[in-house]
1. Just checking, does the range 129-139 include any residue being touching a Phe, Trp or Tyr at 6+ places or on another chain (Cβ under 8 Å), of a type in the set (D, E, K, R) and either surrounded by fewer than 22 Cβ atoms within 10 Å (Cβ to Cβ) or in a helix (DSSP H, G or I) (or both)?
2. Mind checking which residues of the range 375-385 are without any contact (Cβ under 8 Å) to a residue 40 or more places away in the chain and in a helix (DSSP H, G or I)?
3. I'd like to check something: does the range 298-319 contain any residue that is more than 18 Å from THR340 (Cβ to Cβ), surrounded by fewer than 23 Cβ atoms within 10 Å (Cβ to Cβ) and at pLDDT below 90?
4. Return the residues of the range 339-354 that are within 17 Å of ALA71 (Cα to Cα) and open to solvent by 10 Å² or more (accessible area, probe 1.4 Å); say none if nothing qualifies.
5. Test VAL334 against the stated conditions and say whether it is over 24 Å from LEU374 (Cβ atoms) and touching a Gly at 6+ places or on another chain (Cβ under 7 Å).
6. Give the residues of the range 220-252 that are more than 30 Å from VAL312 (Cα to Cα) and crowded, with 24+ Cβ neighbours inside 10 Å, sorted by residue number.
7. Output the number of residues of the range 349-374 satisfying the condition of being assigned to a helix (DSSP H, G or I) and within 18 Å of the chain's Cα centre (by Cα).
8. Quick check: anything in the range 33-50 open to solvent by 20 Å² or more (accessible area, probe 1.4 Å) and among the aromatic types (Phe, Trp, Tyr)?
Amino acid sequence: MTTPRNAVRERRPLGANFTRLFVAATLSSTGDGVTFVAAPLLAASLTHDPRLVAGIETAVAAPWLLLSLPAGALVDRWDRRRVMWTVDAMRTVVVAAIALAAATHTATLPLLYVAFFLLGCGQVFFDNADQAMLPTILDGDDLERANARLQAGTLGAGQLLGPALGSLLFAAAVALPFGFDAATFAVSALLITRLRGTFVARRTSPEGSENAPPRLRSDIAEGLRWLVGHRLLRTLALVLGAMNLLDLMARSTFVLFAQQRLGLGALGFGLVMTMFAIGGVVGGIATDRWSGRLPDRVLAVVVAVMGLGYVVVPLTENAAVTAVAFLGAGAASVVWNVVTVSARQQIIPAPLFARVNSVYRLLAWGSMPVGAALGGVVAHRFGLGAPFWVAAVGHVGLVLVAAHSLRRRDIDAARGAAAVSPQ
């Protein structure tokens, strides 16, 4: 039971490094949210073929399938702060190139595919370094609260402010949202360089001697063995992989659904997308307030709420009803992220974190390009509502798995075991 003394401890300030990281992540997420709306709108202005529009999501998600394992092993060798600011600098250049192409009316689908593939490559390295860094600047007791704030802040910026601003900027000039995103990446890179501390994982050889570091393949294999041998995290990764596959099936062509079924323009599309973020902010705040008191089967509830949203969307042509479905899905997704990311950060040993996390991401996010591509094919053949029905049916089975194997008590037990194990 949490004592009053512990409760006071949980509410202490999270520190200057966390503040810098939070501001950088929130600012960058605002730019991401702008591009999140502008990219499918730009693609839809070039083609109405669902398969080609889905290619944008496929391109940005493909690096999670291709690079997750080597990225995790490399992040465990490199300075994580340097990885993050270097990636943000690279993304500044790539998004600026998209802005230039849009401004000069030379944007093409192949150009967008290449650019978003490069952005996805950067995201793989950045996210691995970001999640590996947070446990080095905060105590384990503060991680769930910090992750709740990060989730609420980045989702609020990325999918509340960002989409609304992106739709307005896109309506004013096609190049503006991409120019704005490039600027946010540049400022984020500057803020990350100001993080104070050492962000290279401490490593030793298996014998504890100062031998040359193991080969990259050995590093990858070590992370793979660790995750495969951990039942809880393995199950979480596989369930999330199925959820992401189904989500990308529905989301990859939603811009066409919004235009053709809901009758929305750029501004309306952006406003509907902001509802996901509003739900995310609510979910983040609620998780922060109720940290440690969430119900035992909270993850099963989360999966059920998301599945219900997939049922609602194809049954209506009312944008307001669709927006409510997005609201619920946003809240559910943040609760999932806060609980599971915090669990990984406390369960996985620090020297192995990026490698194990990269295997987790391969299983959890490597399915996204497959889902995006399938979504385009399913929508092309059976209609724009069909991907939502497939996602809804798939979530029925996932609810049963989560209710049986992903209980809060199992997560707490794994945390306790990790706390007493040698790290």
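1. So far as the range 129-139 goes, no, none of its residues is touching a Phe, Trp or Tyr at 6+ places or on another chain (Cβ under 8 Å), of a type in the set (D, E, K, R) and either surrounded by fewer than 22 Cβ atoms within 10 Å (Cβ to Cβ) or in a helix (DSSP H, G or I) (or both).
2. So the first thing to find is which residues in the range 375-385 are without any contact (Cβ under 8 Å) to a residue 40 or more places away in the chain, and the list is 381-383.
Listed by number, the residues that qualify are ARG381, PHE382.
3. First, pick out the residues of the range 298-319 that are more than 18 Å from THR340 (Cβ to Cβ): 308-319.
Checking the rest, the ones that are also surrounded by fewer than 23 Cβ atoms within 10 Å (Cβ to Cβ) come to 308, 311-312, 314-319.
Filter once more, so that each one left must be at pLDDT below 90: 316-317.
Within the range 298-319, one or more residues are more than 18 Å from THR340 (Cβ to Cβ), surrounded by fewer than 23 Cβ atoms within 10 Å (Cβ to Cβ) and at pLDDT below 90.
4. ALA350, PRO351, LEU352
5. Values: over 24 Å from LEU374 (Cβ atoms): yes; touching a Gly at 6+ places or on another chain (Cβ under 7 Å): yes.
Criteria met by VAL334.
6. So in the range 220-252, the residues more than 30 Å from VAL312 (Cα to Cα) come out as 220-234.
Across the range 220-252, the qualifying residues are GLY223, LEU233.
7. Result for the range 349-374: 18.
8. Yes, the range 33-50 has at least one match.
The values are calculated or read from the model by the stated rules, or taken from the named source; none is laboratory data. These figures come from a predicted structure and were not determined experimentally. Every residue, glycine as well, gets a Cβ built from its backbone with ideal geometry; the counts of neighbours run over all protein chains shown. Please note that ligands, DNA and RNA were not included when accessible areas were found on the heavy atoms of the full protein model with its side chains. Shrake-Rupley method; radii C 1.70, N 1.55, O 1.52, S 1.80 Å.
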